[in-house]
Amino acid sequence: MADIATITMTGRLTRDPEQPDAKNWKNPVLVSKFSLAVNGFKKDDVSFFDCEAWGKVGEIVQQYCGKGKQVAVAGTIRIDKWEDKDGNKRSKPVVNVRDVTLLGSKDDAKATAPKQEKVEVSSDDLPF
């Protein structure tokens with residue numbers, strides 16, 4: 001059995017979801033990228049997570065989510081590592097969203113979805 005890191009969290013989108021240009025990809029699929037702000041228990045305790053949603057989940061995020069929309073996400077987490085232009089080692093967590101639940105009302109953002117909607121996506125819908 002392979003090791004895997006999973007995460008479930010609730011937060012609000014910090015910006016509208018972005019859809020990178022995939023026309024030059026070998027196997028183009030819809031991916032939606034967004035950032036989620038998750039409040040901690042203390043007043044100024046906020047964590048930010050970059051998220052990627054693929055396939056049907058990505059379509060739901062693109063269609064129903066916008067800046068400020070509250071969602072619950074579940075998926076796997078990885079740490080991206082790179083060097084910045086000054087040679088400093090950098091890293092950040094990235095969540096591969098496998099399930100999304102839309103929370104709050106339709107007036108929270110550009111969403112017109114029902115108050116709560118759970119989207120079920122099987123692993124067959126994912127590109128990896």
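The values are calculated or read from the model by the stated rules, or taken from the named source; none is laboratory data. What you are looking at is a predicted structure, and each value in this text was computed from that prediction instead of being measured. A quick note on method: Cβ atoms are made from the backbone with ideal geometry, for glycine too, and the neighbour counts reach across all protein chains shown.
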Kindly establish whether Val61 is surrounded by 15 or more Cβ atoms within 10 Å (Cβ to Cβ), of a type in the set (Val, Ile, Thr) and not in a helix (DSSP H, G or I).
no
Out of Gly66, Gly55, report the one residue that is modelled with pLDDT of 90 or more and in contact with an Asp or Glu (Cβ under 6 Å, 6 or more places away or on another chain).
Gly66
Residues in the range 31-58 that are in a helix (DSSP H, G or I) and farther than 21 Å from Ile4 by Cα: how many?
2
Quick one: which residue in Ser91, Ser47 is in contact with a Gly (Cβ under 9 Å, 6 or more places away or on another chain) and either modelled with pLDDT of 95 or more or of a type in the set (Ser, Thr, Tyr) (or both)?
Ser47
List every residue pair whose Cβ atoms lie under 9 Å apart, where the two residues are 6 or more positions apart in sequence or sit on different chains, the first residue falls within the range 82-101 and is over 19 Å from Gln63 (Cα atoms) and free of Cβ contacts under 8 Å to residues at least 60 places away in the same chain, and the second residue, located anywhere, is aliphatic (A, V, I, L, M) and in a strand (DSSP E or B).
Ser91/Ile79; Lys92/Ile79; Pro93/Ile7; Pro93/Ile77; Pro93/Ile79; Val94/Ile77; Val94/Ile79
Against the conditions (1) at pLDDT 90 or above; (2) farther than 14 Å from Ile7 by Cβ; (3) outside any helix (DSSP H, G or I), where does Val97 fall short? Just the number, please.
(2)
Scanning the range 64-84 for residues that are among the hydrophobic types (A, V, I, L, M, F, W, C) and surrounded by fewer than 19 Cβ atoms within 10 Å (Cβ to Cβ), the one nearest to Thr8 (Cα to Cα) turns out to be Ala74
